[in-house]
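Visitor: Below is the structure I would like to discuss, written out as structure tokens.
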Amino acid sequence: MRHINILLSIIKKDFLHFFRNKTIMIVILLPVLAALFFVVIADFTREDYFEVGYVLEESQQEFKPAVETDISLSWQRYQDPAEAFRDLEENLDGVLFIEGGNFIAHLNLENPTEILLIESYLEKAVQDHLNYTSPYQLTIINQQEISAASSIIPIWLTVTLAMIGIIIISGDLAEEKENKSLNSIHISPISTPLFISGKILSGSLLSLLTGIIIFAFAWLSNFAYFSPAVLFQSFFLILSGSITFNIIGVIIGLQTDSQAAARSLGTLVYFPVIMPALIYHISDMLPVLARFTPTYYLLESFSRIILRGQLDLVNWQYTLYILLFALFLTPVLMVIYKGVYK
């Protein structure tokens, strides 16, 4: 019971500090901009060549769009819709069905930037085909059922968890060192494992609270629908990710002497940890590098659960991989703590 009271006291103190510090509010809101920034980054990772089919009956006028684009669009004509759908599942990026003035485009893309890009060019192509004079209706259906708005959610969650652990927790601990309050804690009856557990638990509860805010925002904005199974797996993902990032944050906080130094070092650590997972589509080497970071498994699992509804054993395996990072970092944390407070 005494240990529980100590943990609750540490959590209460940390939360009072979190919400007195305006930085925490920035951390909760900034990932929205960071996630949107990733959509911009995705523009550099998108393909420059797309294969698009179109289904046109012999009786209809040939589809010949002359729109100029900064990407390569390869058009292939089909007369059999079934054949077009088969190729869509295998190698086509989209199929356009033309029925008089009605145009229905089925896309097979995951990258949100590519979806928006193709939608824009299809609209121009249709207008060009009709010579901008005839009325038309263009309907876009993405086979992946992923919208640009909903694809931000996994990125937002991942970026936020990493930022809370690596930047906020490290700065909070470094500030306690800077104002000498950590010295008082060290000579108190609180054991080292109990104190470190309290700091990690504080950050984890803050991450869970932030996750609730993100899920509520996404649900109210109709970005995604969250079933109980999605929330259940997401809870353990958030918890495992926050524990891992919080351990990194505590290590950084112990290695620095001021809040400013912790923020600077945390930023230097933050980007190498998070960027490989966000831009691993750029080259063949980045996926290999990304797999050495917990961020990759966190983002991939969130994407599988939230965007594609894949609630299976793979997500639990990814959760285990994330916790293995925490297990590996724990002895490093204890050695560093003892090195600072012998």
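The values are calculated or read from the model by the stated rules, or taken from the named source; none is laboratory data. Everything numeric in this text was worked out from a predicted model, so none of it was measured. Heads up, the Cβs are rebuilt from the backbone with ideal geometry, glycines too, and the neighbour counts pull from every protein chain shown.
Visitor: For Ile322, only one of the following conditions fails: (1) under 18 Å from Val159 (Cα atoms); (2) free of Cβ contacts under 8 Å to residues at least 40 places away in the same chain. What is its number?
Guide: Ile322 satisfies every listed condition except (2).
Visitor: I'd like to check which strands (runs of 3 or more DSSP E) are fully inside region 51-139 and have at least 3 residues that are buried (at least 17 other Cβ atoms within 10 Å of the Cβ) and either among the β-branched types (Val, Ile, Thr) or modelled with pLDDT of 70 or more (or both). So that I can check it myself, show each step before the final result.
Guide: Numbers: elements: 72-78, 94-99, 102-107.
Correct list: 94-99, 102-107.
Visitor: Need a quick list: helices (runs of 4 or more DSSP H) entirely within region 216-325 having at least 1 residues that are modelled with pLDDT of 90 or more.
Guide: In region 216-325, the matching helices (runs of 4 or more DSSP H) lie at 228-255, 259-278, 294-302.
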